[in-house]
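Notes to accompany the following structure.
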Amino acid sequence: MAAQTFDVIVIGAGPGGYVAAIRAAQLGLKVACVEREHLGGICLNWGCIPTKALLRSAEVFHQMERAKEFGLTADKFGFDLDAIVDRSRKVAAQMNGGIKGLFKKNKVTSIMGEATIVAKGKVSVKTDKGSEELSAKNIIVATGARARELPGLEADGDLVWTYRHALKPVRMPKKLLVIGSGAIGIEFASFYNTLGADTTVVEVMERVLPVEDKDISAFAKKQFVKQGMKIMEKAMVKQLDRAKGKVTAHIELGGKVEKHDFDTVISAVGIVGNVEGLGLEALGIKIDRTHVVTDEYCRTGVDGVFAIGDIAGAPWLAHKASHEGVMVAELIAGKKVHAIKPNSIAGCTYCHPQVASVGLTEEKAKEAGYTLKVGKFPFIGNGKAVAMGEAEGMVKTIFDEKTGELLGAHMVGAEVTEMIQGYVIARQLETTEEDLMETVFPHPTMSEMMHESVLAAFDRALHI
């Protein structure tokens, strides 16, 4: 059977791959997108979207518990975990169906199966019906990543879970251990803790949310502890002893090993790239610690082969993958493109309270040799936050004293994942502190805290 010929073959239909396929098709290229499991990848089916649906249920439940504070009466409320999960799966299914529609609209050929690059410009796809041969001058590898499993801490779906098991739980945990306090770990800790699980978080680094600014981590930790979580920092789970309905965790803390019993463990200790079985090494593509090595334009060094998203390394974020997908599609179509600056990509964590940041932390900015102007503004000084009953939080901005450049912005509190985009745009437009100070922010909004934080960096804050 003759190979089907395309201009671009995309391997993987996650937020990097499906967006790359759509953009390439919009630019008049003939595109095939190969996916082995679900359109939308991990993000839409097992990550960003369904977790946000779960967290929204937990947030509403938390607000019901606070009804009295707002002068409301809510008696006999509770939750049905199966119904919460069912809603999250329906949300994921709706998004998945949306991509099918987008592919149809943009005339992207969608093929379900496992792809291998058998030679330069040639892809073989193993499908339910046998195998299909495809050829294209350009191939975009967007196969994403999966949960890292540590020896002895492997998931079994019953006592020890990965994020997938945590999204479709076999039970409501009573005593939960979460290993790792990055975005995935802390979001699940937040969800189950809000619904009443006795939750312990173990983090090997010196603080929770280790990639965030120190002040933000410290503030978030204080809130987690207030909500009843136990946080163990600079700690390591050395061993898990599994018995019927019980896991005994051996946790090393300060040189001593303590034993703690749990009924459920969620392991969230990072990710590994899906590089196997693609034929990458045979083509001469470099792989470093399960990630494909690329230049700033996602080129692999092998002509006509690009890698985008999680497989191409940090930051491991869906919006970074999508943006790379658009950039590569435009590069292939002969457009002038700008390389993506990792420091201009915002990170958002949807725990309670939310955490969001862009650019350098104070520590990293000092290490880079900048002289800093740092501003902080608390939620308690903002009328809208107080009216919403969300007075716990902080906005922090970091400027280069010499040029007024916004080096970094960091937030913790209600709705900060929506607010951070203001600072992302400011960095993209190379805005100075003067521009931000002269911007009129609407009142009463939580965004006013962003203005006040900038003013605070230059000793001009009005409401603290």
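Values as computed for the structure displayed
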{"item": "Area accessible to solvent at M236, 1.4 Å probe radius, in Å²", "result": "80"}
{"item": "Listed residue pairs exceeding 23 Å between alpha carbons, taken from K68/K230; K335/K364; K137/K336; K341/K396; K30/K105; K174/K256", "result": "K68/K230; K335/K364; K174/K256"}
{"item": "Probe 1.4 Å, all protein chains present, accessible-area order of Y192, Y18, largest first", "result": "Y18, Y192"}
{"item": "Segment 380-458 pair-distance distribution - Cα-Cα, 10 Å bins, rounded %", "result": "18, 55, 24, 3"}
{"item": "Under-5 Å amide H pairs with T5, H placed in peptide plane, nonlocal only", "result": "S135"}
{"item": "Axial C-alpha extent at least 15 Å, average Kyte-Doolittle at least 0.5 - helices from the chain (DSSP)", "result": "183-194"}
{"item": "Rounded D (µm²/s) - segment 115-227, Kirkwood Rh over Cα pairs, Stokes-Einstein at 25 °C, 0.890 mPa s", "result": "141"}
{"item": "As computed over segment 253-293, the Cα convex hull volume per residue (Å³)", "result": "133"}
{"item": "Calculated log₁₀ intensity ratio I(q)/I(0) where the Debye formula runs over C-alpha points of the chain, q = 0.06, 0.11, 0.14 Å⁻¹", "result": "-0.29, -0.99, -1.39"}
{"item": "Distribution of pairwise C-alpha distances over segment 333-464, 10 Å bins, in %", "result": "13, 44, 32, 9, 2, 0"}
{"item": "Highest average packing first - 210-220, 376-386, Cβ atoms within 10 Å", "result": "210-220, 376-386"}
{"item": "Relative contact order [Cα under 8 Å, 6+ residues apart], the chain, whole percent", "result": "14"}
{"item": "Peptides ranked, highest mean first, by Cβ atoms within 10 Å: ranges 448-456, 357-365", "result": "448-456, 357-365"}
{"item": "Along each principal axis, Cα extent of segment 198-354, largest first, Å", "result": "58, 36, 28"}
{"item": "Rg/Rg_globular for segment 210-303, with Rg_globular taken as 2.2 N^0.38 Å and Rg from C-alpha atoms", "result": "1.63"}
{"item": "In sequence order, calculated HN-Hα J values of segment 403-408 (Karplus, 6.51, -1.76, 1.60; Hz; x Gly/Pro)", "result": "10, x, 5, 7, 7, x"}
{"item": "Solvent accessible area, Å² - D303, 1.4 Å probe, full protein context", "result": "120"}
{"item": "Placed amide H near I271: partners under 5 Å, 5+ positions off or other chain", "result": "R148"}
{"item": "With all protein chains modelled, accessible area of H319 [1.4 Å, Å²]", "result": "90"}
{"item": "Largest to smallest principal axis extent of the C-alpha atoms in segment 1-60, angstrom", "result": "54, 26, 10"}
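The values are calculated or read from the model by the stated rules, or taken from the named source; none is laboratory data. Computed from a predicted model, the values in this text were never measured in an experiment. Backbone-built Cβ (ideal geometry, glycine too); neighbour counts: all protein chains shown. We work out accessible area using only protein heavy atoms, side chains counted, and drop any ligands, DNA or RNA first. Shrake-Rupley method; radii C 1.70, N 1.55, O 1.52, S 1.80 Å.
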